[in-house]
Amino acid sequence: MAIPHPRDIQLAVVNWLDDRYPFTKAVDEALYQRVPNFANAFYYCFGGMVFILVVLQLLTGILLALYYVPDASGNPSPAYTSVNYIQSTVYLGWLIRGVHFWGANLLIIMVLLHMARVYWTGSYRAPRELNWMVGVTMLLIILVFSLSGYLLPWDNKAYFATEVTIKIAGLAPPPQLGVFIKDLLQGGSVLGPPTLQRFFTIHVFVLPALIVLLMYVHFRFIRAHGISEPM
Ligand code: HEM
């Protein structure tokens with residue numbers, strides 16, 4: 001029996017899949033999109049760079065979560081020692097942690113540059129107002145990512161910086177709302193182990209789910225509108 005050529009096997013598999021769901025059509029529609037020439041300008045890449053950085057944060061975050069222990073009980077706490085362990089003992093742990101840290105900083109800069117481009121080209125105007133609002137929500141999510149991640153090493157800097165963060169959040173008007181937000185974030189009368197548990201949950205479950213969902217909405221909007229014309 002003749003050995004089939006790898007290309008024929010590939011074709012047979014694709015055909016088999018396509019008979020069950022139009023995968024080829026779906027992938028073609030998702031990937032092959034004509035883009036106007038003016039979108040070649042470097043500042044039209046900022047949004048894509050933000051996307052790549054978000055993916056990098058998700059990947060390095062998953063790797064960190066393999067070793068990080070969200071437990072602030074005892075002294076030194078498992079949270080603190082696990083971060084030390086990642087930094088000093090885990091193979092390339094220092095690199096993964098460093099990329100996650102600097103990626104977070106770069107992400108904020110890139111989002112602001114992307115936002116500035118959208119503002120400068122007037123792309124927030126009709127019919128793109130809703131997408132601008134989705135963008136503002138994602139900007140806030142990225143800032144909350146940073147604020148919640150800052151507590152996780154559970155060292156002195158993290159502890160006292162987060163005390164300030166929570167105090168500011170607790171001043172939101174009206175006073176009842178501020179107190180509610182403070183209690184919700186802190187999980188007790190002082191900043192302690194329940195706070196770390198909550199910040200960890202927000203940082204690794206709530207925010208990633210939200211941002212992935214909103215990026216999907218953002219991209220569906222961009223596809224629906226097409227990239228905006230230059231002024
Ligand atoms: C996670 C954050 C974000 C990601 C991954 C993202 C990604 C993108 C991408 C890939 C584009 C295509 C054009 C380009 O790259 O410039 C785009 C366009 C756009 N973005 Fe974002 N973006 C984010 C945040 C924001 C923010 C903070 C705003 C504004 C507050 C915003 C508002 C818009 C608008 C209005 C467009 C359409 C622009 C046009 O048609 O010219 N985005 N975004």
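The values are calculated or read from the model by the stated rules, or taken from the named source; none is laboratory data. Everything numeric in this text was worked out from a predicted model, so none of it was measured. Backbone-built Cβ (ideal geometry, glycine too); neighbour counts: all protein chains shown. Side chains are part of the model used for accessible areas, which takes the heavy atoms of the whole protein and leaves out ligands, DNA and RNA. Shrake-Rupley method; radii C 1.70, N 1.55, O 1.52, S 1.80 Å.
A few comments on the model shown:
- Selection within segment 185-231 - part of a helix (DSSP H, G or I), more than 12 Å from the ligand (Cβ to nearest atom), without any contact (Cβ under 8 Å) to a residue 12 or more places away in the chain and open to solvent by 80 Å² or more (accessible area, probe 1.4 Å): F205
- Residue in segment 52-63 that is in contact (Cβ under 8 Å) with a residue 24 or more places away in the chain, open to solvent by 80 Å² or more (accessible area, probe 1.4 Å), among the hydroxyl-bearing types (S, T, Y) and in contact with a helix residue (DSSP H, G or I) (Cβ under 8 Å, 6 or more places away or on another chain) present: no
- Residue selected from segment 78-92 under the condition touching a residue at least 24 places away in the same chain (Cβ under 8 Å) and touching a Leu at 6+ places or on another chain (Cβ under 8 Å), by the criterion least open to solvent (accessible area, probe 1.4 Å): A79
- Criterion: open to solvent by 20 Å² or more (accessible area, probe 1.4 Å) and away from the ligand (no atom under 16 Å from the Cβ) - qualifying residue of L177, L113: L177
- Subset of segment 135-171 (residues that are open to solvent by less than 60 Å² (accessible area, probe 1.4 Å), in contact (Cβ under 8 Å) with a residue 40 or more places away in the chain and over 29 Å from T81 (Cβ atoms)): G135, M138, I141
- Filtering segment 138-154 to residues that are in contact with a Phe, Trp or Tyr (Cβ under 9 Å, 6 or more places away or on another chain) and assigned to a helix (DSSP H, G or I) leaves L147, S148, G149, Y150, L151.
- Screening the candidates I181, I211 for the property of being of a type in the set (A, V, I, L, M, F, W, C) and within 19 Å of M138 (Cα to Cα) yields one hit, I211.
- Segment 37-51 - residue that is open to solvent by less than 50 Å² (accessible area, probe 1.4 Å) and among the aliphatic types (A, V, I, L, M) and, of those, farthest from the ligand (Cβ to nearest atom): A41
- Qualifying residue in segment 96-103 (condition: over 18 Å from V55 (Cβ atoms), open to solvent by 20 Å² or more (accessible area, probe 1.4 Å) and hydrophobic (A, V, I, L, M, F, W, C)): no
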